[in-house]
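**Student:** Would you mind keeping the following structure in view while I ask a few things?
Where a number appears in this text, it was derived from the coordinates with a stated rule and is not lab data. Since we're looking at a predicted model, the values are computed, not measured. As a convention, Cβ positions derive from the backbone with ideal geometry for all residues, glycine included, and neighbour counts pool all protein chains shown.
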Amino acid sequence: MDDHLRRAAGWLLMAAGLAGAGAGIATGRGLPLAAGLVLAAVAAHLLAPAEARRGERRRRGDGRADTRPDEPRRPRSPGDDR
């Protein structure tokens with residue numbers, strides 16, 4: 001599926017899911033609420049970047065998994081058991 005169509009379908013499903021969840025909350029019914037949450041989850045999958053859908057992680061130059069770029073690595077102390 002083309003990326004543009006995938007994102008458009010994702011946003012349409014997200015709107016429908018949130019509307020369904022809101023209707024379920026407003027009416028106190030469980031089925032529209034559950035259906036809305038399921039549609040929102042499917043939409044989140046469609047809106048996720050391709051790397052996240054394939055389960056890939058960012059890699060540094062040395063091949064190890066990278067931390068987030070805005071989060072500096074904390075040096076380990078001698079008593080740190082991780």
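**Student:** For region 3-52, take the convex hull of the Cα atoms, compute a quarter of its surface area, and give me that in nm², please.
**Tutor:** For region 3-52, averaging the hull's shadow over all directions gives 3.0 nm².
**Student:** Sticking with this one: With r as the distance between the Cβ atoms of Leu47 and Ile25 and R0 = 25 Å, compute the FRET efficiency 1/(1 + (r/R0)^6) and round to 0.05.
**Tutor:** E between Ile25 and Leu47, to the nearest 0.05, is 0.65.
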